[in-house]
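Taking it in order: structure first as structure tokens, then the write-up.
The values are calculated or read from the model by the stated rules, or taken from the named source; none is laboratory data. Being a predicted model, the structure only gives us computed values, none of them experimental. When we count neighbours, we look across all protein chains shown, and the Cβ atoms used for this are built from the backbone with ideal geometry, even at glycine. Surface areas here come from the heavy atoms of the whole protein model, side chains and all, with no ligands, DNA or RNA. Shrake-Rupley method; radii C 1.70, N 1.55, O 1.52, S 1.80 Å.
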Amino acid sequence: MKRIYVNEKWCLGCHLCEYYCAFANSGKDSMVKALKNVTINPRIRIEERGGISFAVSCRHCEEPLCTKSCITGALTVNDGVIQIDKDKCVGCYTCILTCPYGAIVPSETGAIQKCELCMNNSAGKPACVAGCPNKAIVFEEKE
Amino acid sequence: MSKYVIIGNSAAAIGCVEGIRQVDQKGEITLIASEPHHTYSRPLISYLLYGKTDEQKMKYRPNDFYKKNKVIKRLGETVTEIDKKEKTVTLKNGEKIPYEKLLVATGSNPFVPHMEGLESVKNRFSFMTLDDAKALDKALKKDTRALVVGAGLIGLKCVEGILDKVATVNVVDLADRILPSILDETGSGLVKKFLESKGVEFHLRDSVERFEKNKAVLKSKKTIEFDVVVIAVGVRPNISLVSDIGGKCRRAIITNNKCETSIKDIYAAGDCTESADCATGDMKVMALLPNAYMQGETAGINMAGGTKLYENAIPMNAIGFFGYHMITAGDYIGQTYETLEGENYKKLFYKDNRLMGYIMIGDVMRAGIYTSLIKNKTDLATIDFELIKEKPQLMAFSKKKRSEFLAK
Ligand SMILES: Cc1cc2nc3c(=O)[nH]c(=O)nc-3n(C[C@H](O)[C@H](O)[C@H](O)COP(=O)(O)OP(=O)(O)OC[C@H]3O[C@@H](n4cnc5c(N)ncnc54)[C@H](O)[C@@H]3O)c2cc1C
Ligand code: SF4
């Protein structure tokens, strides 16, 4: 399956991926409307320290602890992509308790949000990858 | 004849169906459960009362689940006996159902201790099942005075569910603090203060000496008038089907890492079992939904002839009240590191260069990174512990580890 891979060597720490992610998932048609004067809550997050930076988002694990642990059945695996049914999710955060990458975050509605590889938004393919100026995030098939 | 028989219809049972079907698409599965409902998420009964979900949304799996997985369901039927020689289970009506492999996923029942005068109380409830929740809901009115006995996870989830629907909620518990099974003193204090600010009244280090119809007389001689009482002092694992036929049990059914009981071809999973805490090796009842599902799945895979081991379990919990969240995991032993800023509290427990447990209240972001340190028994000397103490982050791992996490 095609997954997102991050190479910290190439990451500039510019945070553009976070902005592209927030825009792609905003449901808005212009970046200005989506991002101006708002504190973004992206599904991909940069960690940075002492000159090192890298992006973290859902790894779409083959043995997804979040999905197996979800108390409601709101997290499901569809063709390898771990998806969230925000209507079903009650925001108990059991998935945050179990995700070893810290890749699941609360959303504004109380439900959680996570990377769904942009399969469920207007971008249709990972916006962070398309927006990364230095190819530090790629979307590819390995093995 | 059914190849697989499953007793139960909750997280562990559903995990088992999904486990079996990963290996065996065809073998007949019969699933028997006392509760008559489509599989639902038990923890959601409080959210149902709170209005955060509804009966359709609280279904643990979609409407077509049984059909899709070719499961013969016998809902509303209770198993009274297992015959390990004949390999059959007997239903209440006397019908016998043969099995090749059996899963016992019977969960637990509310424990109601003897309390003087309890029988005289008309509106008394437990809080374990969808039917309990619906019955309780019917008894609640705007001017209801509710009394909840038990300040543990179930009692307080019930409090959250009903608080906005009633006039007053009083909570009585023998313990000196709330949520004693998951929180330390500081943590309990924070959550108690928060719940008090919402209008809940606590009576700790106290217990009900006797009920007199609509009045509870406490040991402290305080009296509490109420219209509805919920008893949530604890649960008892449903072990009798297995203990009656000589299966090894302590507090719960003892299972190994394949989720087998001590009886051949009988497996057990979920709240009715004891299994090993991978961080300490101790056998424990780790009654929570993720563990139930994963045990069930493991059992299912093994029942169908596959191989899977269940060896990553630790006690853990994610719970919240009115948007105030807490996540806890592991065992509270060893040295501690603590921070408290306003309503955000964190305590880490570490020993012999390993993280043993943690409590996070308020800010629970990325807690799972700590959970994985406990489960993986990560040697803290191989990461930047000072950094990860501050907050959970992948930066604290070596470059090589980070690349394994993110680039492979
Ligand atoms: C109010 C409440 C809140 C909770 N909140 C959380 C939470 O936030 N997070 C969390 O992780 N966990 C929570 N839990 C715990 C969680 O619900 C359990 O860990 C989980 O449901 C265990 O699943 P199980 O399959 O082992 O058993 P159960 O859910 O107990 O189901 C057992 C099933 O077996 C059936 N059964 C029993 N005996 C027989 C018999 N003889 N014949 C036929 N059928 C039988 C019963 O009808 C039932 O359907 C909560 C529990 C409660 C009550
Ligand atoms: S927060 Fe939502 S998605 Fe996560 S475990 Fe709870 S119900 Fe499932």
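On the beta carbon distance between B:Glu196 and B:Ser120, with R0 = 30 Å, the FRET formula returns roughly 0.50. Interface burial in segment B:372-406, defined as at least 30 Å² less accessible area with all protein chains than with the chain alone at a 1.4 Å probe, covers B:Leu387, B:Leu394, B:Met395, B:Arg402, B:Phe405, B:Leu406. Comparing each chain alone with all protein chains together (probe 1.4 Å, DNA, RNA and ligands left out), the residues of segment A:1-24 losing at least 40 Å² of accessible area are A:Val6, A:Glu8.
Altogether, the Stokes-Einstein calculation at 4 °C and 1.567 mPa s, with the Kirkwood radius of segment B:21-118 over Cα pairs as Rh, returns a diffusion coefficient of 80 µm²/s.
Quick one: Debye curve from the C-alpha atoms of segment B:38-83, no solvent, what's log10 I(q)/I(0) at q = 0.13 Å⁻¹? Relative scattering, expressed as log10 I(q)/I(0), comes to -0.42. Taking the DSSP bridge list for chain B and keeping only pairs wholly inside it, about 60 percent are antiparallel. Computed over chain B, relative contact order equals 16 percent, with contacts defined as Cα pairs under 8 Å that lie 6+ residues apart. Going 7 Å from the Cα of A:Glu141 toward and past its Cβ, which residues in segment A:1-37 have a backbone nitrogen under 11 Å from where you end up? Residues A:1-3 qualify, since their backbone N sits under 11 Å from the label point. Here the Kirkwood formula puts the hydrodynamic radius of segment B:110-180 at 12.9 Å, using every distinct Cα pair. Measuring against 18 Å, Cα to Cα, the residue pairs B:Lys73/B:Lys248; A:Lys86/A:Lys142; B:Lys52/B:Lys157; A:Lys68/B:Lys248; B:Lys26/B:Lys264 contain B:Lys73/B:Lys248; A:Lys86/A:Lys142; A:Lys68/B:Lys248; B:Lys26/B:Lys264 as the ones spanning a longer distance. Treating only the Cα positions of segment A:36-143 as identical point scatterers, give the base-10 log of I(q)/I(0) from the Debye formula at each q in 0.12, 0.21 Å⁻¹. Result of the Debye calculation: -0.44, -1.28. Calculated on the Cα set of the protein assembly as shown, radius of gyration then Dmax: 24.3, 74 Å. Using the Cβ of B:Gly334 as centre and a radius below 12 Å, the other residues enclosed give a net charge of +1, where K and R count +1 and D and E count -1.
Apolar share of the accessible surface for the protein assembly as shown: 49 percent from carbon plus sulfur atoms, 1.4 Å probe.
From largest to smallest, the equivalent ellipsoid semi-axes obtained for segment B:118-233 from the alpha-carbon gyration tensor read 21, 17, 13 Å. Multiplying each eigenvalue of the alpha-carbon gyration tensor of segment B:189-316 by 5 and taking the square root yields semi-axes of 40, 18, 12 Å, largest first, rounded to whole angstroms. Heavy-atom accessible surface of segment B:118-233, averaged per residue, reaches 44 Å², computed with a 1.4 Å probe.
Please give the Cα centre distance for segment B:289-360 versus segment B:255-273, rounded to the nearest Å. If we compute the Cα centre of each part, the gap is 21 Å.
Volume per residue of the convex hull around the Cα atoms, evaluated for segment A:1-72, comes out as 158 Å³.
For chain A, with a Gaussian network of springs between Cα atoms less than 10 Å apart, report the residue from A:Tyr101, A:Tyr93, A:Tyr20 with the top mean-square fluctuation. Among A:Tyr101, A:Tyr93, A:Tyr20, the largest mean-square fluctuation in the Gaussian network model of chain A belongs to A:Tyr101. The share of C-alpha pairs in segment B:299-408 whose separation exceeds 16 Å stands at 63 percent. Taking chain B as a Gaussian network, Cα atoms linked when under 10 Å apart, which of B:Gly305, B:Gly152, B:Gly270 shows the biggest mean-square fluctuation? Among B:Gly305, B:Gly152, B:Gly270, the largest GNM mean-square fluctuation belongs to B:Gly305.
With the helix formula -39500 (n - 2.57) applied to DSSP H stretches of n ≥ 4, chain A reaches a computed 222 nm mean residue ellipticity of -4500 deg cm²/dmol.
GNM remark for chain B: springs join alpha carbons under 10 Å apart, and the peak mean-square fluctuation among B:Asn256, B:Asn291, B:Asn353 falls on B:Asn353. Count Lys and Arg as plus one, Asp and Glu as minus one, and take only other residues whose Cβ is under 12 Å from that of A:Cys66; the net charge is then +2. Stretching B:Glu209 away from B:Asp265 to a fully extended chain increases their span by 15.5 nm, per 0.36 nm per residue minus the current alpha-carbon distance. Computed with the Debye formula from one identical point scatterer per Cα of chain B, without solvent, the log10 of I(q)/I(0) at q = 0.08 Å⁻¹ comes to -0.48.
Rg/Rh for segment B:162-226 stands at 1.00; both radii use Cα atoms, and Rh follows the Kirkwood definition.
Put simply, segment B:67-149 fits an ellipsoid with semi-axes of 37, 17, 11 Å; these come from the alpha carbon gyration tensor as the roots of five times its eigenvalues, largest first.
Listed by chain and number, the aspartates and glutamates whose alpha-carbon sits under 18 Å from that of B:Lys215, ignoring those within fewer than 8 places in the same chain, are B:Glu116, B:Glu119, B:Asp143, B:Asp173, B:Glu201, B:Asp206, B:Glu225, B:Asp227.
Summing charges over neighbours of B:Phe127, with a neighbour being any other residue whose Cβ is under 12 Å away from its Cβ, gives 0 when K and R count +1 and D and E count -1.
What's the longest bit of chain A with no exposed trypsin sites (Lys or Arg not before Pro), using DSSP loop states and at most 15 other Cβ atoms within 10 Å as the test? Longest gap between qualifying sites, sites excluded: A:37-85.
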